[in-house]
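Worksheet: one structure, shown below.
The values are calculated or read from the model by the stated rules, or taken from the named source; none is laboratory data. As the structure is a computational prediction, the values presented were derived from the model and not from experiment. Virtual Cβ from ideal backbone geometry, glycine too; neighbours counted across all protein chains shown. The area values use the complete protein model at the heavy-atom level, side chains included, leaving out ligands, DNA and RNA. Shrake-Rupley method; radii C 1.70, N 1.55, O 1.52, S 1.80 Å.
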Amino acid sequence: MFERLCIVGVGLIGGSIARAARHYGLSKNIVGYGRQQDIQNLEVAKKLGVIDDYYLQIEQAVQGADCVVIATPVASLESIFALLKPFWSEQTIYTDVGSTKYSAVTAAQQVFGKVPDNFVPTHPIAGAEQSGVEASLCDLFLNRRLIITPLNNTRTDDLSKIQSFWELCGSMVSIMDVNRHDSILAATSHLPHILAFALVDMLGHKDEQSEIFKYAAGGFRDFTRIASSDPAMWRDICLANKSEIIPLIQQTKEQLDKMQHLLENEDSEQLLTIFAYANTARQRFLNQFEGNMSKSITFQVQPGGLLQGEARVPGDKSMSHRSIMLGSLADGITHVKGFLEAEDALATLQAFRDMGVEIDGPVDGCLTIHGVGKHGLKAPKNELYLGNSGTSMRLLSGLLAGQAFDSVLTGDKSLSGRPMKRVTGPLAAMGADIKTTEQGTAPLYITGKSGQLKGIDYVMPMASAQVKSCLLLAGMYAEGDTGVTEPAPTRDHTERMLSGFSYPVKQQGSKVTINADGHLTAADIDVPSDISSAAFFLVGASIAPGSDLLLKHVGINPTRTGVIDILRLMGADIEVLNERIVGGEPVADLHVKYSPLKGIDIPEDLVPLAIDEFPVLFVAAACAQGQTRLSGAEELRVKESDRIQVMADGLQVLGVDAQPTEDGMIIQGGSIGGGVVTSHGDHRIAMSFSIAGLRANAPITILDCANVNTSFPEFKDLVKRLGLALVCEES
Ligand code: S3P
């Protein structure tokens, strides 16, 4: 890329750039510049092979360089520009690494009159507590964010070259304007540094200093780690960006006053609301923005064991999503109990907060939604990030198609690979304007067509509750009737909940019809336990001799109970006790005991009623006597993973004769061995292979299990409590 790269200031950052450039073969020759007093450091840099040579005269250092990187502290930029000015060359690209960009640009302006068009202001968001070239690393920028803040006159060729340079060093490059950079960094970096320095300063000056630090535990250490950073550098950064930082300090003071007030008044409810919001918000941004850097989770399962006792698994995922959506669109306040506090449902919750809906909680599964009415949603400021959740994306695409604002829906890697044409196709027929990628996948760019959608009569080619619900939600904003006919019954939570909120929906055989005439009136919702989460325990107890388990308060909506029917056909011993209706949905306690299973041909009409339970039903089949055959389940190939292929691969690793077919699987029951399998980031696959451990004859290692948090964060603890030897390892 470059013939000669000149690094001005070969410290931690400059040295790391030099190392990365060498490692990735980005420059033939790499030289450093420093002042007389830097000579020892430059010697070390040369000895370590970080640079090929160094110069104390700027003229010699920059001679023949096609790229000059200024890697000195922000406060020194003006004097560095002044040094460079007499030798400034049109053939060279100049860039810097300062963490405040307004000051960098102003320094250039001071020296040159206007910012030169071959200067590309850049900020790699990376660092380390140690400083100096000895601490430099070639992978300091790998998977780190880097922001370039070009000006109107920045040469586009230079900008793209600098962008490529950093991408080749492994950085994730964003481009934004100078002021936006400085205001974002003020909040996420500069303010936290000030708070850390201030806290240590305050506590350090207290008399009881030694006592405080002696007993400082993880919280104090984590919070103040950044106070170990270079003090002079941070003084300069804070001064350089003071106009952005000062208003944030003011807001922080107000927030602290509020906390003080809440404590004085012992307002435990408000305190909990604030803490709970912060807790989920933090988890969410870690998932969204640090997904590829976050820890990977492995489940290690010891063979054997049995499941015994009583449990209430978390709330139903489908109903939790819908409770947020309809509660937000209702007039009045909706209270939700039993809400699933897992990543998928929290993604929907956040999306509605982003559209201006005030939602308190969740605290112990309870939420209060301050409904804004059917036409009360506001334009989100940013894209709506929906994590792993297909339900959120497909239902929201219908709901947002008819709004008075535009929106963009994005998701994680798995969701970004899932088919969206199944919803955008019929929505387009209603007059919606939604752009997908060429492959028909997310991101979805939705242009709101308020007042312009028209009802259609749609016969679904596949049995999908998500497609049905999407069109019903769009139908609430369309002219005339919207009718959806399903080829087989699918979960009807949307229809039930709409009725619960007094919105008229008409069901005639396999067709459901809606129009725009209704209003939603707030109603309280009691979400039962998710039968899809209970399914792991229904199978686990059925296959592990000696098991005896009571699962409380499980939703047994007839469009969801295929798993019970299939297991019973295989010979399972499941009793449905204490049946009752809670908030318009049937609920029961399920009593399951070990019973030897036999292989069956799974009736195709049960497939949509057990669509999420097949991964664990395959495990049941592997433990059954004889052959189990599934067909008519091609939808499994487009779930969070290709569940036919991924389960067949894993079962084969465990020594099971499992043959995938186009639309299902043929499994010869027998014994299950041990081995290393991967869930491909699919929560239900991870939990299914964990359950297989109950009947395995050797340990099973399951890779890539972090996504269990999308539907069942308590799984690992609950399954351990009930009798499976599972250890969760983070790396
Ligand atoms: C769901 C519908 C089903 C199911 C998913 C949840 C819903 O998807 O697999 O986990 O809440 O509507 P399809 O509609 O794609 O079958």
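If you check T436, T391, which single one turns out to be polar (S, T, N, Q), touching a Lys or Arg at 6+ places or on another chain (Cβ under 8 Å) and open to solvent by 30 Å² or more (accessible area, probe 1.4 Å)? The conditions single out T436. Against the test of being surrounded by fewer than 20 Cβ atoms within 10 Å (Cβ to Cβ) and among the β-branched types (V, I, T), the options V50, V44, V68 yield a single qualifying residue, V44. Taken over segment 247-281, the criterion of being of a type in the set (A, V, I, L, M), modelled with pLDDT of 95 or more and surrounded by 11 or more Cβ atoms within 10 Å (Cβ to Cβ) is satisfied by L248, I249, M259, L262, L263.
The lone criterion from (1) free of Cβ contacts under 8 Å to residues at least 60 places away in the same chain; (2) within 16 Å of the ligand (Cβ to nearest atom); (3) of a type outside the set (K, R); (4) assigned to a loop (DSSP other than H, G, I, E, B) left unmet by I644 is number (4).
With respect to P713, determine if the residue is over 22 Å from I602 (Cβ atoms), within 20 Å of the chain's Cα centre (by Cα) and open to solvent by 10 Å² or more (accessible area, probe 1.4 Å). Yes: the conditions hold for P713. A330 falls short of the stated requirement of being within 26 Å of M476 (Cα to Cα), touching a residue at least 40 places away in the same chain (Cβ under 8 Å) and under 19 Å from the mean Cα position of the chain (by Cα). Candidates G64, G127, G98: the one that is of a type in the set (G, A, S) and farther than 25 Å from S228 by Cβ is G64. For segment 531-546, residues that are out of contact with any strand residue (DSSP E or B) (no Cβ under 8 Å at 6 or more places or on another chain) and either within 16 Å of the ligand (Cβ to nearest atom) or charged (D, E, K, R) (or both) total 4.
With the structure loaded, tell me whether Y24 is among the hydroxyl-bearing types (S, T, Y) and open to solvent by 50 Å² or more (accessible area, probe 1.4 Å) or whether it fails that test. Against the criterion (among the hydroxyl-bearing types (S, T, Y) and open to solvent by 50 Å² or more (accessible area, probe 1.4 Å)), Y24 qualifies.
Got a sec? Which of A633, A725 is closer than 27 Å to E343 by Cα, of a type in the set (A, V, I, L, M) and in contact (Cβ under 8 Å) with a residue 60 or more places away in the chain? Checking each option against the conditions leaves just A725. Mind listing just one residue for me: the one in segment 294-324 that is part of a loop (DSSP other than H, G, I, E, B) and in contact with a Lys or Arg (Cβ under 9 Å, 6 or more places away or on another chain) and, of those, surrounded by the most Cβ atoms within 10 Å (Cβ to Cβ)? The selected residue is D316. For segment 593-628, filtered to residues that are surrounded by fewer than 23 Cβ atoms within 10 Å (Cβ to Cβ) and charged (D, E, K, R), the residue that is farthest from G669 (Cα to Cα) is D605. Reported count of residues in segment 2-52, each being in contact (Cβ under 8 Å) with a residue 60 or more places away in the chain and at positive phi, is 1. Picking from residues in segment 115-133 that are assigned to a loop (DSSP other than H, G, I, E, B) and closer than 17 Å to S89 by Cβ, the one that is most open to solvent (accessible area, probe 1.4 Å) is D117.
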